[in-house]
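Each remark here refers to the structure printed beneath this line.
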Amino acid sequence: MKPSDLVHETWSALSANRGRSALTILGIVIGIAAVITMNSIIAGISVQQSQMFGANAARLVAIRLSGIDNFTVDDMNEIAQSVPGYDYLIPTVQGTGNISTNTKKASADVTGTDPRYLSAHSTKLVAGDFFDERDMEEADRVLIMDEPGVKKLFGKKPPTEVVGESVHLGNDEYLIKGVVDKVNSWSTWGDTVYCMAPYPTVSIRLTGTTSIKQMECMTSEGSDIDTVMAATKQYLNEHYHLASSDEEDGSGGGGSPRSVSVTSDKSILDQVNQSMASFQAIMVIVSGISLLVGGIGIMNMMLTNVTERIREIGLRKALGAKRFDITSQFILESVCLCIAGGIIGVILGIGGAYVLVGPMGESMGMSSTGDPLTPVIDGASILNAVLVCTVTGLIFGWYPARSAARLDPVESLNHQ
């Protein structure tokens, strides 16, 4: 049988029972649609989490000191020299106050840091300039705002026009030197304006202390962050004679507890990815069950087709058709049914991803970050879906095709 004849006969057989064919592939459609929908949404969640934490999140270590006074930049630099695996350490301090223009007033959360903050957090400068070493040395009253903060304080005024404006923060007047895309992942929440300023400025004018309480540390590329964190904790515990985690606190007799906390966003990202992987595995199992049911339905339909077309099969054999020809036709019918179900499932899955992504984003609190959750359509998933459907058609179509090919032509012609 020529390939063109095989395709023609397959199309004729499937077209003769369109309703039954459509119902038969329902399990395939549901399974593929579920896989595509959930894979797209899970990929979208992973992308947004990476953007939220920044490209260097897996390399950042946060050190927080409690009850340790007079910790200076020299002490911080000593950590970088004593603990291998760090590129640099950034002192950070949090200050608060009221920020106002001539027309608006809001509460402000100010992060005191240094110019390396941009590269450490993969933050993008939208307008103006970031503060430099000169601003740090002179503790200049300059601010870096983010786009959500600009909207809260200046309304629809574009960032380029905000640069150079003066605002009142606490008891001082500050110059807005630059605007970034975002200071942190929660800067769109509430009415608080989040901004940045040179570390010495915040220490002197907003907190009243120069003692460092927290640092952000960039580990070297390729270093094992868990090893670096453990070495950092051990160094600080020994250097400041702090109690280990399984002993009493190191207050030293009635004072506030002295302790250090060494954490990383990598653990958060790992937990999120692990949760997404577990959820994805559950969906694959559920979809696999749906594909199994769909495959059994296709095998049942093909066996029914064989029974209904026994005389046709006998006539073809009498005219010279070989077992291979009969087998090829019924397997092709099964594969075409599965691929058709896969294509419909892919289309419904993509549509379902865009329909469900909004409610899922809201339920997970992601719509509040300013960047709406968007599904990521992976071409590899679509290709895998088509391949799975093809294999399903081959597996579940083989037995009916083999049964049809082994029918006796004489008995088939006499079948009523």
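Which pairs turn up if I take residues in region 130-146 that are assigned by TED's automatic domain parsing to the domain that holds Val183 and of a type in the set (Val, Ile, Thr) and look for partners that are surrounded by fewer than 17 Cβ atoms within 10 Å (Cβ to Cβ) and part of a strand (DSSP E or B) with beta carbon separation below 6 Å, at least 6 apart in sequence or on another chain?
Val142/Leu175
Residue under question is Gly297, and the condition is that it be within 30 Å of Gly345 (Cβ to Cβ), crowded, with 16+ Cβ neighbours inside 10 Å and of a type in the set (Gly, Ala, Ser); does it hold?
Values: within 30 Å of Gly345 (Cβ to Cβ): yes; crowded, with 16+ Cβ neighbours inside 10 Å: yes; of a type in the set (Gly, Ala, Ser): yes.
So Gly297 passes the test.
Please pick out the residue among Asp114, Asp69 that is touching a residue at least 60 places away in the same chain (Cβ under 8 Å), crowded, with 19+ Cβ neighbours inside 10 Å and of a type outside the set (A, V, I, L, M).
Asp114
Of the residues Glu173, Glu238, which is on the phi < 0 side of the Ramachandran plot and either crowded, with 22+ Cβ neighbours inside 10 Å or part of a helix (DSSP H, G or I) (or both)?
Result of the check over Glu173, Glu238: Glu238.
Residue pairs, Cβ under 6 Å, 6 or more apart or interchain, first in region 81-103 and part of a helix (DSSP H, G or I), second of a type in the set (Phe, Trp, Tyr). List them.
That search, which allows pairs on different chains as well, returns Ser82/Tyr235.
Which residues, counting only those in region 313-324, are closer than 23 Å to Cys338 by Cβ and surrounded by 14 or more Cβ atoms within 10 Å (Cβ to Cβ)?
Matches in region 313-324: Ile313, Arg323.
Please pick out the residue among Ile45, Ile63 that is touching a helix residue (DSSP H, G or I) at 6+ places or on another chain (Cβ under 9 Å), outside any loop (DSSP other than H, G, I, E, B), buried (at least 16 other Cβ atoms within 10 Å of the Cβ) and at pLDDT below 80.
Numbers: Ile63 fails: at pLDDT below 80.
Just a single option satisfies the conditions, and that option is Ile45.
Does region 110-164 hold any residues that are assigned to a loop (DSSP other than H, G, I, E, B), over 23 Å from Tyr88 (Cβ atoms) and charged (D, E, K, R), and which are they? Outline the logic, then answer.
To start, the set of residues in region 110-164 that are assigned to a loop (DSSP other than H, G, I, E, B) comprises 114-116, 122-124, 129-132, 138-141, 155-158, 163-164.
Narrowing further to those that are over 23 Å from Tyr88 (Cβ atoms): 141, 155-158, 163-164.
Arg141, Lys156, Lys157 - these are the residues of region 110-164 that are assigned to a loop (DSSP other than H, G, I, E, B), over 23 Å from Tyr88 (Cβ atoms) and charged (D, E, K, R).
Quick check: anything in region 189-205 in contact (Cβ under 8 Å) with a residue 60 or more places away in the chain, of a type in the set (Asp, Glu) and in contact with a helix residue (DSSP H, G or I) (Cβ under 7 Å, 6 or more places away or on another chain)?
yes
Hey, Ser275 hits all of (1) surrounded by 17 or more Cβ atoms within 10 Å (Cβ to Cβ); (2) within 30 Å of Lys233 (Cα to Cα) but one; which does it fall short on?
Of (1) surrounded by 17 or more Cβ atoms within 10 Å (Cβ to Cβ); (2) within 30 Å of Lys233 (Cα to Cα), only one is false for Ser275: (1).
I'd like to verify a number: residues in region 213-235 that are assigned to a helix (DSSP H, G or I) and not small (Gly, Ala, Ser), how many?
Summing the residues that are assigned to a helix (DSSP H, G or I) and not small (Gly, Ala, Ser) in region 213-235 gives 9.
The values are calculated or read from the model by the stated rules, or taken from the named source; none is laboratory data. This is a predicted model, so every value here is computed, not measured. Counting neighbours? That spans all protein chains shown, and the Cβs are built from the backbone with ideal geometry, glycine included.
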